[in-house]
Amino acid sequence: MSFIMAENQEVMWPRLVTNRILGEGLRSSNFVADFPSNAEASSLLDISSLGQPSLSENNILINQLKHNFQNYKVFISTWNVGGIAPQDDLDIVDWLDTPNNMCDIYVFGFQEIVPLRASYVLGSENSKISMKWNSLIREALNKKIQYCQEKQQYNSKLGRRQQTTEVEKTIFESSIPEGFRCVISKQMVGILISVWVRSDLRPYVRHPRASCVGCGIMGYLGNKGSVSVRFQLHETSFCFVCSHLASGGREGDEKHRNSDVAEIFSRTSFPRGPSFDLPRKILDHDRVILLGDLNYRISLPEATTRLLVDRKEWNALLENDQLRMELMSGQVFEGWHEGLVRFAPTYKYCLNSNVYFGCVEGQKGRKWRAPAWCDRIIWYGEGLQQRLYTRGESNLSDHRPVKAIFTAQVQVPSTFKRLQKFFLSERFDQATTRFDQISSSDKSRCRGRSSFRL
């Protein structure tokens, strides 16, 4: 079997597939980030490691170390952009929730950032589009920070701060981060996942890694599959899985999607780390979120589906939603959860329109696709509480983006909590005030001295 490439060169299919699979295996763990991931990066200041006994000491001492939990807000987004490159003026600030709700971690998942043609599936990775998306994300996050700072100044001028307590002012001012950093960004053909954290959290993010699983052509190519990333924040491990599962709206196609999920869970693997104590498989992590174009459809006749969509009878549709039925059966999704779906199906729309595909007369000879909730966000296990689950209205592609906000419990060593409480306490303010007074009184004593000895 052979096919013609764009350059009109006949290339043998098996050779291309083999080269692609082998090449992807070598590159699957590489990723892009604002910081290096080598040993030098691991040596960054990490208060969370202070006071911990070494791994060579008695395990009893390790077990005696008490830990506390701290909540962090996590933003999750998934969007199938249909192979359409973003315009330079695309503004996604509104998509990052309201400006009053700054999150600590932002996870962006995309599918089909490039067209799923043979030249992209079998050719070399095109990183220009992923760089463009990351540039738009960085710009949007910085705009959010600027907005919060301007609002703080505006409220100060109006005297509103006098109406709030000191605690409220401290919480609001401390919630404005200095910036965000990309800790890991990974692309496989059309799938892209990009994770950003507050700059002040970056020193506590360790062991970032990526793992790709192709489930597309011949069961291995990356036109379908997943890109999973993991890292450890303080003492809690996170794993985010961005997926694009098998398509198809015919009866029985959901079995192919279930098979993809089983392959992803089975084949995704991360290194155990230098101490061999890091989770290796997806479900071994403390906090796990799966996002993407999961492609599950509604098991109803097309005419019935469209009628219920027009009536906005979401509950009747969800009773026949394939993903909901899989979550309830617990076969491939045992232990997984999804929040309440209170928004319209996200697929399939006419381009640059708010009309579902197939509702326009005169479109003959084309495959009809009934509306469905293809784009989903689900989570596994404990320690995650969903605060928001909704969709966006951008008509860039035939899918609508979906987002969720979670509160995640993170295990923090007691040493870190004690230091945090001290820095926010009156004792710290008194100590710094006294230090300033001593420093100013000693300036005259130090004049004329060019050196000193301890």
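Here are some notes:
- For 110, 31, 357, 69, order by how many other beta-carbon atoms lie within 10 Å, fewest first: 69, 357, 31, 110
- Euclidean distance between Cα centres, segment 377-398 to segment 113-142, Å: 22
- Sequentially through segment 245-262, phi angles give Karplus couplings (6.51, -1.76, 1.60; θ = phi - 60°) of 8, 4, 8, x, x, 7, 4, x, 5, 5, 5, 5, 5, 4, 5, 4, 4, 4 Hz, Gly and Pro residues having no value and appearing as x.
- Ranking of 349, 106 by neighbouring Cβ atoms within 10 Å, starting from the fewest: 349, 106.
- The distance linking segment 184-205 with segment 294-335 is 32 Å (Cα centroid to Cα centroid, whole angstrom).
- Per-residue Cβ neighbour rank within 10 angstrom, fewest leading, 79, 314: 314, 79
Rule-based calculations on the coordinates, nothing more; no lab input. Small disclaimer: the values here were computed from a predicted structure and weren't measured. For neighbour counting, all protein chains shown are included, and Cβ atoms are generated from backbone atoms with ideal geometry for every residue, glycine included.
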